[in-house]
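Report on the following structure.
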Amino acid sequence: MSSGPRVLSLPLAGLRVLDLTHGAAEACGRYLADLGADVVLVEPPGGSAGRVDAIGFGLRNANKRGIVLDPDDAGVLARLVDLAGEVDIVVESLPRPLAESTGITPQALQAAHPTLVVVSVTDFGRTGPYADYVATGAVLAAMGGVLSRSGLPGAPPLLPPAGIVAQTVAVHAAWAALVAYTKRLRTGEGEIVDVSAFEAVVGGFDPGFGTQGSAAAGRKETFPRDRPDAAAFYPVFACADGHVRIALLAPRQWRSMFEWLGQPEELADPRYGHIAVRFEAADRLHPLIAEHFAFSTRAELVAEGTRRGIPIAAVLSPAEVLVADHFAASGALVDAEILDGVEARVPHGYLSIDGVRAGLRHRAPRVGEHDAEPFPAATGPTGLDLPGEAGAGPLAGLRVLDLGVIVFGAELTRLFADQGADVIKIENSAFPDGLRQTRKNSAMNASFAWGARNKRGLGLDLRSPEGAEIVRELARTADVVTGNFKPGTLESLGLSRVKLAEINPRIIVSDSSAFGSRGPWSDRMGYGPLVRGACGVSTLWRYPEGDPNHETYCDGATVYPDHIAAHVGAVAVLAAVINRARTGQGSALELAQADVAVMHLGPLLAQESRRPGTVRPAEQGVLGGAFGPGVFACAGDDEWCVIEVRDGADLARLAEATGGQDVTEWTAQRTPSQVTTLLQAAGVPAGPMLRLPEQLTDPHLQERRAFSTMTHPHLSGPVPTSAHIARFSTIADPPLRPAPLPGEHTVEICSELLGLEKDAISALVQQGVLQLPEG
């Protein structure tokens, strides 16, 4: 692959980005580059220190150009400030002392160029008591609430596979960057965006105070202090040639499973149709399923389960993922050069746009490869074609028809609603969104309230010809349609991009599913837990070989990649909105959640392709002079911390801070907070394992106002919720309007947008086409 020119057919063509990041933050610019932006990576003489990890650096910086500037040369620094005036967005992650000593601060850059968007991506943000702390993906997992829900009770908590937490931060930053750029297009004013990796993980990886999976209806609504049994949810069963995972969430899925088991009399009670009852009966139910599956192969079980409409997936190793026919047929994995002379089998981008992969086009740049190439003149849009003013939010005036369901569907459109878009949640009360399931059949639950805040609700039978026609009429003046059904569903409803473009060429259609519309797995149902199993995540999310718990899959308490896949989709949709201002045309976007997980495992998959057999569940320890992260017991009841040694300098600092004492003994004598304070003062990445309620009282999150309080008339009391995606210099935190009841705004929407009179609406209600709130 060459270091070829910018691709003008991609949605961010014409967007110019100066990339001053290092390490994991480089992946933000990579995603923008995948979408067509001209991203120029700035490195010091000799290249970035991250080049020592050739695979990681190559994947984070593919599709970019590269130049060299010497931070020790005052004249060059002046050139850097001038260069910032030639671009639309600067993304930087400079340590505060370096930024201040060189004068390359976000404030200084924007003062020189008032229309510039400056996105600062740092471990803990530019303000707050942890502002000068250092973190790694493992430390962020500990503090971000991931570690406290991973592993087995009575055993050490378990870190997730390397890389997936850091990728969450990069996607989060890309969304924040485009939101700020959208505001600039509408107002002509720049923006400073302060992205905290810590907050991105708290609110974006699998938030405790955000949209939950359908299985939440089967769990307790409180947050007990004890760590959950991460193997209990979304169970994995042994079979003849490995393991499979199932996810029985909807009543109809349980009925199919009941029939597959031969309709055992002990499970015939209709109460088992409720997920909470099945959770409580797991000790009786799971052994029956295990016995039923034991002598069949993975392929046989997946084929039969798929035929019956049961969500099921084989659990694959990274080596099996690399040779899976599906990922070859779908184009998700390709053999490519990612850095000069470094070839591997690697992920080929998150998604497709108008049928073409927005993925790997050329390798990462050589050091200074494009020094002689200036930024081209601006060719991006000069404004955004949305009605009204941006005062109600950067996306005010944008209308989104939300056909999505569960976590992915809710999260993608919530991001738009939070920024001022008019998001219309369309649902059929006969087939309610699984996110509405409640433990006590209540009118509202916190999960739906979190995911549908700031939206309006339209009750409608989409399966009826009249209902589908109403949606098409709404699409005539809408900007975006989103759905995440089985491939082909939107086509069968006449709501594909091709059909809708006949009445609205400017429409953008985002179609998502578990495994995409291409490849042999396209007909499979899927949720986040099944995607993890099929993409190698679950195999790596285990205790290391030799540990007595190695055979247990410990990722069952998370719905990753649901949230972050939705954020990936939101970035692409917003990029398409920006592109439409330039071209006047909409787009068809397709995203497979499996491709998100594969992208996040990219460095590990590439390593496995180059050195087969080397990627396995990681050892967790920094003893004996080894580099890497470790989970250590601290003083107190089930208290833990994470320490990561990145290099020899960290190892020396750790030895000095501990006085040469054995690390395990040293941490056992101190609380997680004491360990963190002492090691951070020494410059060693460390952080406490925070349980979800502890995040609400964390002093750094409190000072940065990371949480707000949300109320709903149908909830028993206020609930905490993420306050923002980042701290913006002028963009206000989102409002917190309550999520709609089913059909709550049906009359309002049909009257306002379709011009229907009261009698016509009543007639459609009588026919069952339109639906109103109960009572």
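Worth a mention:
- Placed amide H near THR115: partners under 5 Å, 5+ positions off or other chain: GLY190
- Cut-off 12 Å (backbone N to label point 7 Å along Cα→Cβ of ALA112), residues of the range 51-83: 74-83
- Globularity ratio of the range 393-453, using Cα Rg and 2.2 N^0.38 Å: 1.14
- Correct choice for volume of the Cα convex hull per residue in Å³ that was computed from the model, options [x] 163; [y] 186; [z] 149: [z]
- Shape class of the range 336-380 from the alpha-carbon gyration tensor: oblate, with a/c at 1.5 or above and b/c at least as large as a/b.
- All C-alpha to C-alpha distances of the range 520-623, sorted into 10 Å bins beginning at zero, yield P(r) values of 13, 33, 30, 15, 6, 2 percent in whole numbers.
- Couplings 3J(HN,Hα) for the range 462-479, derived from phi with the Karplus relation 6.51 cos²θ - 1.76 cosθ + 1.60 (θ = phi - 60°), are 5, 7, 7, x, 5, x, 4, 5, 4, 5, 5, 5, 5, 5, 4, 10, 7, 9 Hz, where x marks Gly and Pro.
- Dipole orientation for the range 1-94: of the candidates LEU80, LEU69, ALA33, ALA33 has the Cα lying most toward the positive pole (charges on Cβ; Lys, Arg +1; Asp, Glu -1).
- Close amide H partners of ALA37, meaning residues 5 or more places away or on another chain with modelled amide H under 5 Å apart, are LEU12.
- Accessible surface calculations at 1.4 Å, restricted to protein heavy atoms, place the range 378-471 at 32 Å² per residue.
- Close amide H partners of MET710, meaning residues 5 or more places away or on another chain with modelled amide H under 5 Å apart, are VAL719, THR721.
- Per residue value of the accessible surface for the range 543-592 (all protein chains in place, 1.4 Å probe), Å²: 23 Å²
- For the range 238-245, the Karplus equation 6.51 cos²θ - 1.76 cosθ + 1.60, evaluated at θ = phi - 60°, returns couplings of 6, 9, 4, 10, x, 9, 10, 10 Hz by residue, with Gly and Pro reported as x.
- The string of couplings for the range 46-63 from the Karplus curve (6.51, -1.76, 1.60, θ = phi - 60°) is x, x, 5, 4, x, 5, 4, 8, 4, 5, x, 4, x, 6, 6, 10, 4, 6 Hz, one whole number per residue in order, with x for Gly and Pro.
- Per DSSP, loop GluC sites (Glu not before Pro) in the range 457-507 with at most 12 further Cβ within 10 Å: GLU502
- Beta bridges by DSSP in the chain, antiparallel share as percent, to the nearest 5: 45 percent
- Overall form of the range 309-366 per C-alpha gyration tensor (a/c, 1.5; a/b vs b/c): oblate
- Computed per residue of the chain from DSSP H runs no shorter than four, each worth -39500 (n - 2.57), the mean residue ellipticity at 222 nm is -10000 deg cm²/dmol.
- Given +1 at the Cβ of Lys and Arg, -1 at the Cβ of Asp and Glu and no other charges, the dipole of the range 655-775 around its Cα centre is 260 debye to the nearest 20.
- For the chain, the relative contact order works out to 18 percent when only alpha carbon pairs closer than 8 Å and six or more residues apart are counted.
- Here is the list for the range 361-417: GluC sites (Glu not before Pro) lying in DSSP coil, each with at most 15 other C-beta atoms within 10 angstrom of its C-beta, are GLU389.
- Shape category assigned to the range 330-451 from the gyration tensor of Cα positions, a/c cut at 1.5: oblate
- Percent carbon-and-sulfur accessible area, the range 493-603, ignoring ligands, DNA and RNA, probe 1.4 Å: 49 percent
- Accessible area (Å², per residue) of the range 705-771, counting only protein heavy atoms and a probe of 1.4 Å: 53 Å²
- Normalised contact order of the range 637-723, rounded percent, pairs of Cα under 8 Å and 6 or more residues apart: 26 percent
- Kirkwood Rh and Cα Rg combined as Rg over Rh, evaluated for the range 237-291: 0.95
- Share of carbon and sulfur in the accessible area of the range 307-359 stands at 48%, probe radius 1.4 Å.
- Low-density loop positions, GluC sites (Glu not before Pro), the range 689-775 - DSSP coil, at most 14 other Cβ in 10 Å: GLU757, GLU774
The values are calculated or read from the model by the stated rules, or taken from the named source; none is laboratory data. Because the structure is predicted, anything quoted here is derived from the model rather than measured. FYI the Cβ positions are ideal-geometry reconstructions off the backbone, even for glycines, and counts take in every protein chain you see. Note: areas computed on protein heavy atoms with side chains; ligands, DNA, RNA excluded. Shrake-Rupley method; radii C 1.70, N 1.55, O 1.52, S 1.80 Å.
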